[in-house]
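*Asks:* I have a structure I would like to understand better, so I am pasting it below and will then ask my questions one at a time.
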Amino acid sequence: MVKISIIVPVYNTEHYLEQCLDSIINQTLEDIEIICVNDGSTDNSLSVLEEYASKDNRIKIINQENEGQGFARNNGLKSVNGEYVLFVDSDDWIELNTCEALYKKANELDLDMLFFCATRYIEDEDKYDYTFGDYNYSSLGGKFWNRIFTYKDVPNIFKVAVSACLKLYNTDFLKKSDVHFPNNFFEDNFFFYSLFLKAEKLSIVENQFYNRRIRDDSTTQSGGRAFMDSIIAANQIIDIFKDNGLFEQYRNQLLRKKFNSNISRFFGIDDSLKEEYWSKLKEDFKDYKKYYDEEKDSFYYIIVDFYNNLIKSKNYKEFIESESVDLKSRHDNIKEKYESLDKESNNKINALNEKNKDLEEEYEELEKENEQLNEEINELSKFKRDVLNSRSWRITKPFRREK
């Protein structure tokens, strides 16, 4: 058994593949296996893989028809021999000490999953972004660095990065959980939450071991047909929480996530696909009332507006126009509520400031009284010393009765 199995799904990334593979074969931890799953690439990716495999016997190539990244990862999982599993996308790369550091920490704490941070490399601008919140777990405020925790300890579990590539997985835990990637885009969501809710020993290291390439032609950026799967992915997440008996506990956060995800993908998808997406969204929201509750969901009024616009609209353009009008209305409502809260907050602050001012004045009076008392005490102490040191006190000592 090797220490870490690294699974690399590959699809038409010939221009980036060498950097990815170089970062893996040159790891300071040599006891690894590299499982490259060629997902029906039509460029020279397979040739690059074969060239590297001929020079490094740790590389194993699996060929499959183009079935998507999730299937490629599932195929890779069937062949792992490592104590731990790491996923690396073929257009990304990792730091050279990644495997050694992660293995040491995961082994030391006997973890189910170990989270680590990433840097975004924005290709078009040729610059690195070290501050992206989802990739450095900033929402957790450093609270869980190098300590063991579970999902129950995390205040907002939907602020944790879902990317499969930003975790090291215990192979026994994966087999015991029997979780696989679904056959749709945004597959990381299903895989992550299925494992996250089962894991008993999690931890985070703050090192930025992973380098995520952001490029315009990637599936996550292109706004192509894959965006259609956001509706499926959102419902899969809800189903996971239902299966674990956690839907009611997290319902507000789950529904907010579903709503925000679907609407953002709608506005981000290519215009040629908006009509189809609008139709699927309309079908998906037809039973929205069974999920949303005005008393339980603080953002219910937004959903009502959204739902009404969706149901009433005859096509996606009409929906966009109605949403634009309502977005301004919602913005005005939110602004009004904010100003009201701000005014209330200012009143409370002013009241506290006044109270604080009174307390400061009272404190100053007490300070003066304290100074006067100290002066009196000093005077009495001086008088006592003078009396005790006086000649008359000494002469009269035989006549005084000691108590």
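*Asks:* Could you derive backbone 3J(HN,Hα) for the range 354-365 from the dihedral phi with the Karplus parameters 6.51, -1.76 and 1.60 (θ = phi - 60°), listing whole Hz in sequence and x where the residue is Gly or Pro?
*Replies:* Once θ is set to phi - 60°, the couplings for the range 354-365 become 5, 4, 5, 5, 4, 5, 5, 5, 4, 4, 4, 4 Hz.
*Asks:* For a Förster distance of 30 Å, can you work out the FRET efficiency between the beta-carbons of Lys55 and Met1, rounded to the nearest 0.05?
*Replies:* Working: r = 24 Å, r/R0 = 0.79.
Calculated value: 0.80.
*Asks:* Could I ask something else about it? Taking θ = phi - 60°, what integer Hz values does the Karplus form 6.51 cos²θ - 1.76 cosθ + 1.60 yield along the range 10-26, in sequence order, with x for Gly and Pro?
*Replies:* Couplings: 10, 9, 6, 10, 4, 6, 10, 5, 5, 4, 4, 5, 4, 5, 8, 5, 9 Hz.
*Asks:* Kindly identify the range 1-138 as rounded, prolate or oblate by the Cα gyration tensor criterion: order the square roots of the eigenvalues as a ≥ b ≥ c, call it rounded if a/c is under 1.5, otherwise compare a/b with b/c, prolate if a/b is larger, else oblate.
*Replies:* oblate
*Asks:* A follow-up question, please. For Lys312 and Glu206, compute 0.36 nm times the residue count separating them, minus their Cα-Cα distance, and round to one decimal in nm.
*Replies:* Difference between extended and current length: 33.3 nm.
*Asks:* Taking the Cβ-Cβ separation of Gln19 and Glu65 as r and a Förster radius of 35 Å, what is the calculated FRET efficiency to the nearest 0.05?
*Replies:* 0.85
*Asks:* Where does the range 121-254 land on Rg(C-alpha)/(2.2 N^0.38 Å)?
*Replies:* 1.11
*Asks:* Another question about this same structure. Exceeding 18 Å between C-alpha atoms, which entries from my cross-link table qualify? They are Lys152/Lys198; Lys3/Lys55; Lys176/Lys201; Lys175/Lys198; Lys159/Lys258.
*Replies:* Lys3/Lys55
*Asks:* In Å, what Kirkwood hydrodynamic radius results for the range 1-50 from the alpha-carbon pair distances?
*Replies:* 11.4 Å
*Asks:* Run the quick spin-label model on Phe267 and Asn44: label points 7 Å from Cα toward the beta carbon, then report their separation in nm to one decimal.
*Replies:* Simple spin-label model gives 4.2 nm for this pair.
*Asks:* Suppose we keep just the alpha-carbon trace of the range 123-171; what are its Rg and Dmax in angstrom?
*Replies:* That works out to 13.1, 40 Å for Rg and Dmax.
FYI, it's all coordinate maths here, none of it is from the lab. The structure displayed is predicted, hence computed values, not measured ones. Neighbour counts run over all protein chains shown; Cβ positions are idealised from the backbone, glycine included.
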